[in-house]
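Presented below is the structure to which this report refers.
The values are calculated or read from the model by the stated rules, or taken from the named source; none is laboratory data. Since the model is a prediction, treat every value here as computed from it, not as a measurement. For neighbour counting, all protein chains shown are included, and Cβ atoms are generated from backbone atoms with ideal geometry for every residue, glycine included. When the accessible area is computed, the model is the full protein with side chains, heavy atoms only, and any ligands, DNA or RNA have been set aside. Shrake-Rupley method; radii C 1.70, N 1.55, O 1.52, S 1.80 Å.
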Amino acid sequence: MAEGAAVALVGGTVLEVVGQQREAKARSQARIADADNKRRMALEILDRNELTSEQLRLDAQQLKSDQLSAAIALGAGEGTTLKFLEDTQRKLMRQIMINQKESEFRAEQLERGAQKQVGLAREERRAGRLRSGATILRAAGTFGTRGT
């Protein structure tokens with residue numbers, strides 16, 4: 001009878017330890033997947049900003065060319081027209097820089113979040129091993145008191 005109880009205790013302990021390890025691994029993998037997703041989002045933000053910035057640059061060049069052509073066709077003073085066009089282009093370039101800084105900031109936030117998730121994933125696995133160790137020690141203590 002005591003042998004059956006010992007076998008049940010050992011078997012239950014093994015199942016509990018395996019369950020704890022699988023749970024810790026699953027949580028860890030979920031955190032790592034979340035970290036990968038955050039990194040992907042950060043890259044997408046930077047890529048989108050690069051495309052938007054390039055399009056703004058092209059639009060600014062086209063606008064300058066179109067307005068300069070229209071001003072010349074109307075016989076407007078080139079100095080005033082050029083000053084206006086250069087001011088407009090400066091404003092667009094400033095907006096491009098602001099957009100770039102905002103994108104970089106958002107990307108950095110996502111990267112920091114990803115790094116935190118990776119750290120938490122390590123902690124999940126470590127906690128799982130500690131819980132498993134505690135379960136084994138608790139079972140050994142129970143077996144020791146029953147065995148004597």
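Is there a residue in the stretch 24-36 that is modelled with pLDDT under 85 and either out of contact with any strand residue (DSSP E or B) (no Cβ under 6 Å at 6 or more places or on another chain) or among the acidic types (Asp, Glu) (or both)?
No, the stretch 24-36 has no match at all.
Right, Val18: part of a helix (DSSP H, G or I), surrounded by 11 or more Cβ atoms within 10 Å (Cβ to Cβ), without any contact (Cβ under 8 Å) to a residue 24 or more places away in the chain and of a type in the set (A, V, I, L, M, F, W, C) or not?
yes
Exactly one condition in (1) open to solvent by 60 Å² or more (accessible area, probe 1.4 Å); (2) more than 30 Å from Glu124 (Cβ to Cβ); (3) without any contact (Cβ under 8 Å) to a residue 12 or more places away in the chain is not met by Ala71; state its number.
For Ala71, the exception is condition (1).
Is there a residue being closer than 22 Å to Ala127 by Cα, modelled with pLDDT of 90 or more and among the aliphatic types (A, V, I, L, M) anywhere in the stretch 42-62?
no
Could you grab the pairs with beta carbons closer than 7 Å, sequence gap of 6+ or different chains, first residue in the stretch 92-121 and more than 15 Å from Arg40 (Cβ to Cβ) and touching a residue at least 60 places away in the same chain (Cβ under 8 Å), second one among the hydroxyl-bearing types (Ser, Thr, Tyr) and open to solvent by less than 80 Å² (accessible area, probe 1.4 Å)?
As it stands, the answer is Ala121/Ser28, since those pairs meet every condition given.
So, Glu108, is that one more than 30 Å from Val18 (Cα to Cα) and open to solvent by 60 Å² or more (accessible area, probe 1.4 Å) or not?
For Glu108, the condition - more than 30 Å from Val18 (Cα to Cα) and open to solvent by 60 Å² or more (accessible area, probe 1.4 Å) - is met.
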